[in-house]
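None of the figures in this text is laboratory data; all of them are computed from the coordinates on show. This structure is a prediction, so every number in the text was calculated from the model and none was measured. A quick note on method: Cβ atoms are made from the backbone with ideal geometry, for glycine too, and the neighbour counts reach across all protein chains shown.
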Amino acid sequence: MVLAWCLLGPVTVSVAAIVPEFTIENGVRVVQGQQFTDTVRISGAEWDGAIIRNNQFAGQIEHGLTLSDVKNLIVEDNSFTGMARNAIKLEDVQTTGALNVTIADNRFEDIAPTPILVGAPNPGVRILRNQ
C-alpha cells in the first residue's frame, strides 16, 4: 500500500505486484532478460534456489522486487532505476522471512536512500559488490 495525499488528506493506494515469467534450469526457477515496471513479488518454497538475473526494474511506485518465504535465492546482475522506495525489500513478517539470499552485482540509480531493505527475520543474507 502507498500513502498518498489529496486535498482531503491521506489516501491509501494499492500497488500491483506481479509474479514474473520464468524458465526452469537445473531444477530451479530462473527469471532473466525481462523488463519490469510493476513490483515483482517472489514468495514461497517453489522459489527456493531461484535465480533472478539480468533484468531491468524501472519506475515502480513502491519496491522493484520483494522477497519472502524463500531459501537460497540469488539476485544478480540486475538494473534498478527510478524506484520511489526500496529497489529490493526482504519482507520482515516473522513467519515469512528469507534464508540465505544473495544480492550481488546489481546496479541502482535514482533510488531512495535505502536501495536494499532487509527486515527481520532474514538470516544469512549476503549483499555483495552492488553499485
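List of remarks:
- Karplus-derived 3J(HN,Hα), 6.51/-1.76/1.60, for each residue of the range 98-112, Hz, glycine and proline x: 10, 10, 6, 8, 10, 10, 9, 6, 9, 10, 10, 9, 6, 10, 3
- Remark on residue 48: its backbone amide H falls under 5 Å from those of 71, a criterion applied only to residues 5 or more positions apart or on other chains, H modelled at 1.01 Å from N.
- Tensor-based shape of the range 39-131 (alpha-carbon gyration tensor, a/c under 1.5 rounded, otherwise prolate or oblate): prolate
- Label-point gap, in nm, between residue 131 and residue 48 - each point 7 angstrom along Cα→Cβ: 3.6 nm
- Under-5 Å amide H pairs with residue 100, H placed in peptide plane, nonlocal only: 72, 124, 125
- Over the range 70-124: Rg over Rh, Cα atoms, Kirkwood Rh: 0.98
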